[in-house]
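Read the structure below first, then the notes.
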Amino acid sequence: MEGEKSNTYEVIIIGGGPAGLTAGLYASRARLHTLLIENALFGGQMTTTEAIDNYPGFPEGVTGEELSRLMEEQAKRFGMETVNEEVLEVKLEGDTKRVQTSESSYLCEALIICTGTEYRKLGVPGETEFTGKGVSYCATCDGAFFKDSRIIVVGGGDSALTEALFLTKFVKDLTIIHRRDALRATKIYQEKAMANPKIKFLWNSVVQEIKGDTVVRGVVVKNVKTGEITEFETEGAFLFVGLLPRTQFLTGLVQRDEAGYIITDENCGTSVKGIFAAGDCRKKLLRQVATSVGDGATAAFAAEKYLEESK
Ligand code: NAP
């Protein structure tokens, strides 16, 4: 069919974060007919990252917005096509992969999945009700609404600490509530947070409920060591309790681990021939822009080899 033909590519990449944009750059430079499908902004989680200090080549650091813009520009330079649509399902038709989106259906020989992760929900009463009314998962998006406020940040990883450090630009007072008495975050962020006079810590504590009227007014906190329950006044609750891979749409297609991360070999190949995974959505040790970029290059090169061998 003519319509199907125009929607047929050698390579389709799902997700336009650093892994997807790098895969696109490599695939289009290899002169492969390539489509990248992204449902939001190019850059992925980088777009909501204030400063990136650990991506080589930027000795003074770079904003997530700027790095996203630069990667997008470079990836598009070699002829990669892009569409802004949400992928709903991937199906196999022999060796061909059919990618069903909200708007259309696309076919390809090699598929590279770069869908990244999303923030995990805390799962307490009030969280859903007050999302956007004081509950947030993005400091760069919402921080400015909390000027001179008293807020809490939940979590003890890199996200909690980097977002908390960013939020101190706006808020009057910030308490990090962590379920243990030791942080998981990288040492440099721990040092910065400990040295920041606006940041206080509430150790061995979990948020049990988020309360308010039209907006957040407070949280109920339990000390896990003593069992003591206290109410804590706050105008905002920023929740950073880990990540979930965006791989639900792949159920039953490729092998994933118990948390949903895609299992790959060292060349980013999945359990299905011709389907590759790159970046934060795959099972791996370290999730950073630098490792996503490496994955994107490897996956595109492996896809090129797969296409050559299957001719
Ligand atoms: P993470 O490393 O998994 O940390 C999640 C934190 O939330 C942990 O401290 C965990 O406590 C806590 N937590 C989990 N479930 C909880 C619950 N139900 N109630 C209360 N606390 C809970 O997640 P992340 O901080 O989002 O980082 C994810 C990945 O992205 C990491 O690889 C990180 O290095 C990377 N990242 C890097 C940067 C950077 O380099 N600039 C910035 C952001 C993220 P426990 O410690 O007790 O498990």
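The values are calculated or read from the model by the stated rules, or taken from the named source; none is laboratory data. Source: prediction; values computed, not measured. Note: ideal-geometry Cβ built from the backbone for every residue, glycine included; neighbour counts use all protein chains shown. When the accessible area is computed, the model is the full protein with side chains, heavy atoms only, and any ligands, DNA or RNA have been set aside. Shrake-Rupley method; radii C 1.70, N 1.55, O 1.52, S 1.80 Å.
What to note about this one:
- For the stretch 138-174, taking the residues that are out of contact with any Phe, Trp or Tyr (no Cβ under 7 Å at 6 or more places or on another chain) and of a type in the set (Ser, Thr, Tyr), the one that is nearest to Gly242 (Cα to Cα) is identified as Thr168.
- For the stretch 251-258, the criterion of a residue being open to solvent by less than 80 Å² (accessible area, probe 1.4 Å), out of contact with any His (no Cβ under 6 Å at 6 or more places or on another chain) and among the hydroxyl-bearing types (Ser, Thr, Tyr) is satisfied by no position.
- Counting only strands (runs of 3 or more DSSP E) that sit completely within the stretch 204-311, those holding 3 or more residues that are of a type in the set (A, V, I, L, M, F, W, C) correspond to 205-212, 216-223, 236-239, 275-277.
- The set of residues in the stretch 209-238 that are under 28 Å from the mean Cα position of the chain (by Cα) and open to solvent by 70 Å² or more (accessible area, probe 1.4 Å) comprises Lys211, Glu235.
- When the stretch 259-268 is filtered for residues that are within 10 Å of Ala302 (Cβ to Cβ) and buried (at least 21 other Cβ atoms within 10 Å of the Cβ), the ones remaining, listed by number, are Thr264, Cys268.
- Checking each residue of the stretch 152-168 against the condition of being of a type outside the set (Asp, Glu), in a strand (DSSP E or B), at pLDDT 95 or above and closer than 30 Å to Gly24 by Cα gives no match.
- Search result, residues across the stretch 252-294 that are within 19 Å of Leu35 (Cβ to Cβ) and either of a type in the set (Asp, Glu) or touching an Asp or Glu at 6+ places or on another chain (Cβ under 7 Å) (or both): Cys268, Gly274, Ala278, Gly279
- Filtering the stretch 42-58 to residues that are under 18 Å from Thr117 (Cβ atoms) and either in a strand (DSSP E or B) or polar (S, T, N, Q) (or both) leaves Gln45, Thr47, Thr48, Thr49, Ile52, Asn54.
- Residue ID - most open to solvent (accessible area, probe 1.4 Å), chosen from residues in the stretch 100-133 that are among the hydroxyl-bearing types (Ser, Thr, Tyr) and part of a strand (DSSP E or B): Thr131
- Residue within the stretch 230-238 that is touching a Cys at 6+ places or on another chain (Cβ under 9 Å) and away from the ligand (no atom under 11 Å from the Cβ) present: yes
- Hits in the stretch 139-151 (condition: open to solvent by 20 Å² or more (accessible area, probe 1.4 Å) and assigned to a loop (DSSP other than H, G, I, E, B)): Lys147, Asp148
Yes/no per residue for (1) touching a helix residue (DSSP H, G or I) at 6+ places or on another chain (Cβ under 9 Å); (2) surrounded by fewer than 21 Cβ atoms within 10 Å (Cβ to Cβ); (3) part of a helix (DSSP H, G or I):
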| position | (1), (2), (3) |
| --- | --- |
| Thr22 | yes, no, yes |
| Ala40 | yes, yes, no |
| Glu60 | no, yes, no |
| Glu66 | no, yes, yes |
| Thr82 | yes, yes, no |
| Leu88 | yes, yes, no |
| Leu92 | no, yes, no |
| Arg98 | no, yes, no |
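- Residue among Ala51, Ala40, Ala75 that is small (Gly, Ala, Ser) and either free of Cβ contacts under 8 Å to residues at least 12 places away in the same chain or closer than 16 Å to Arg246 by Cβ (or both): Ala40
- Of the residues making up the stretch 129-160, those that are without any contact (Cβ under 8 Å) to a residue 60 or more places away in the chain and within 16 Å of the ligand (Cβ to nearest atom) are Gly143, Gly156, Asp158.
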